[in-house]
Amino acid sequence: MTKPTTGASGPRATSVAPATSVAPATSVAPETRGLLEKGQAPHPALTALVVLTGVFLSSLDLFIVNIAFPNISRSFHGESLRSMSWVLSAYTIVFASLLVPAGRWADRAGRKKAFLLGLGIFTVSSALCALAPSLGLLVAARILQAGGGALMLPTSLGLLLPAFGPARKGAAIGLWSAVGGAAAAFGPPIGGLLVQASWRWVFLVNLPFSLIALVVGVRVLREVKDPEAHPADLLGAVLLSISVASLAAAIVEGSTWGWTSAAILGAFAVSILSGAALVVRSLHHPNPIIEPAVIRHRAVALADAGSVVFFAGFGAMVLGGVLFLTGVWHESVLTAGFMIAPGPLMAALWAFPGGLLGGRFGHRAVGSVGCLLFAAAALWWIARMGVTPDYVGAYLPGSLVIGIGVGLMLPSLGGAATAPLPPERFATGSALFAMCRQIGLALGVSCLVAVLATSTGAAALHAFRHAWIFMVVCGLASGLILQGIPRQVRARPKLLAVPAEQPETYRLAAGE
């Protein structure tokens, strides 16, 4: 009998195919035979078409909402930049908090079911965002939209990886990252065009594509589930939301209320206490938000930590670019959208090769190059950007280099965070990675808002330079974190005593 493993989800047998197993493109990978209902083999091309549509739409939403940010602000008169920032931060915080419970529920209930439910919620909430008559209702609709996105994102990779098989895992991760990058590239110009009619169209554009993906997905997706998976800790998700939201609020409001005021100190205290409670609960709960058995692997823990830091700088860069071009250079939103587009396009072009390079040369090496390029580009902006517009000589070179850095970094972090995990933990592992990424984005937006405050003119340029310094620090710090990741990250199974008819059954030893 196969020896059971004991982890955060309780004791159960975990089978992992040997590293030399190669699955045909149209067959079930050996590592997923026990996870597919009725023995149905996923079709890679059709599976990719449907799930990557969801990835594209959720990624597109991030960038078109950022480019529409100035127009949304003008629509709700009297709302400050601090208040408006919650249109972005509320989404990312709730998204981050629900990713692991959603991934765990998807493991048990079925990733197809979870993905289609998330896509349906995302579609309905997009319509509600478009119809929102006030900032409060828009933020509420964005929270609902975050719930749909949280169901889609981990299940998308959880459906894609089994369809491609272990031999093409790097290619699948690269494709997944490249589609997100393509959405980032198309987001700014599409958003700039849509807001010419109304900012509400940035949400309405999701509807037809979401509906088509739902109809096709019902027919072509094959269910992937782990019946022995257990539900995640919802109270832990609440503690995570409180911790990140309190920290974001303290950062955003610190310059207004006073960094030593009772309200700000109280917000920091709430963040620390709820975070500490989450850690304690994760250590003792049978199905925690942050699984100790998963993050005990050094590569996973460091990749997730590096994601928080790197994407804090990335979040500040994305919104900061829009605000600089429209607020300091006084470009129209449409022009700013096309100015921003080359950087994300470069990220999309480099993401797929970045995944392949990470598989060959190691995620640490490729990710480190990406971090250095990100930091170098921010230094370029510090040296060259001024109040006088100079797109070709100042902004564009930095944007292109940042795009290359992000394109290398995304698959490197994603690969390091998921490669050591057994296949039935792909959804949970990718959810944990995405959770860290979203936390970083939320904190990055909060730091940017705190740095910019209400600065205008020359003072605004000075404030943006501080924002770019923040990007440099995040890039270098994430690169430093990556140095602790082994050169080659892979699952290292230990052979168990198994019956003769199952000579290739392995388990992943926790901590390896």
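Please find, within region 216-235, the residue that is surrounded by the most Cβ atoms within 10 Å (Cβ to Cβ) out of those that are part of a helix (DSSP H, G or I) and in contact (Cβ under 8 Å) with a residue 60 or more places away in the chain. Per the criteria, the residue is 217. Residues that are over 24 Å from residue 319 (Cβ atoms) and either open to solvent by less than 10 Å² (accessible area, probe 1.4 Å) or among the aliphatic types (A, V, I, L, M) (or both) within region 82-107 comprise 100, 102, 103, 104, 106, 107, listed in sequence order. Pick from region 358-368 the residues that are open to solvent by 10 Å² or more (accessible area, probe 1.4 Å) and more than 20 Å from the chain's Cα centre (by Cα): which of them is modelled with the highest pLDDT? Among those that are open to solvent by 10 Å² or more (accessible area, probe 1.4 Å) and more than 20 Å from the chain's Cα centre (by Cα), it is 365.
Answer with yes or no whether residue 273 is in a helix (DSSP H, G or I), over 23 Å from the mean Cα position of the chain (by Cα) and either closer than 18 Å to residue 429 by Cα or not hydrophobic (A, V, I, L, M, F, W, C) (or both).
No.
Within region 108-118, not a single residue is surrounded by 24 or more Cβ atoms within 10 Å (Cβ to Cβ) and at pLDDT below 80. For region 161-170, the condition holds for at least one residue, the condition being that it is in contact (Cβ under 8 Å) with a residue 40 or more places away in the chain, of a type in the set (A, V, I, L, M, F, W, C), surrounded by 24 or more Cβ atoms within 10 Å (Cβ to Cβ) and in a helix (DSSP H, G or I). One residue alone among 189, 162 is on the phi < 0 side of the Ramachandran plot, of a type outside the set (S, T, N, Q) and touching a strand residue (DSSP E or B) at 6+ places or on another chain (Cβ under 7 Å), and that residue is 162.
Selection of region 278-301 for residues being open to solvent by less than 20 Å² (accessible area, probe 1.4 Å) and among the small types (Gly, Ala, Ser) yields 282, 299. Within region 200-215, one or more residues are crowded, with 18+ Cβ neighbours inside 10 Å and among the basic types (Lys, Arg). Residue 196 satisfies every condition listed in (1) part of a helix (DSSP H, G or I); (2) over 30 Å from residue 282 (Cα atoms) except (1). When 345, 265, 334 are checked against the criterion of being out of contact with any Lys or Arg (no Cβ under 6 Å at 6 or more places or on another chain), open to solvent by 10 Å² or more (accessible area, probe 1.4 Å) and modelled with pLDDT under 90, 345 stands alone in meeting it.
The values are calculated or read from the model by the stated rules, or taken from the named source; none is laboratory data. Quick caveat, the model's predicted, so the values are computed rather than measured. Please note: Cβ atoms are built from the backbone with ideal geometry, for glycine as well, and neighbour counts cover all protein chains shown. These area figures cover heavy atoms from the full protein model, side chains too; ligands, DNA and RNA do not enter into them. Shrake-Rupley method; radii C 1.70, N 1.55, O 1.52, S 1.80 Å.
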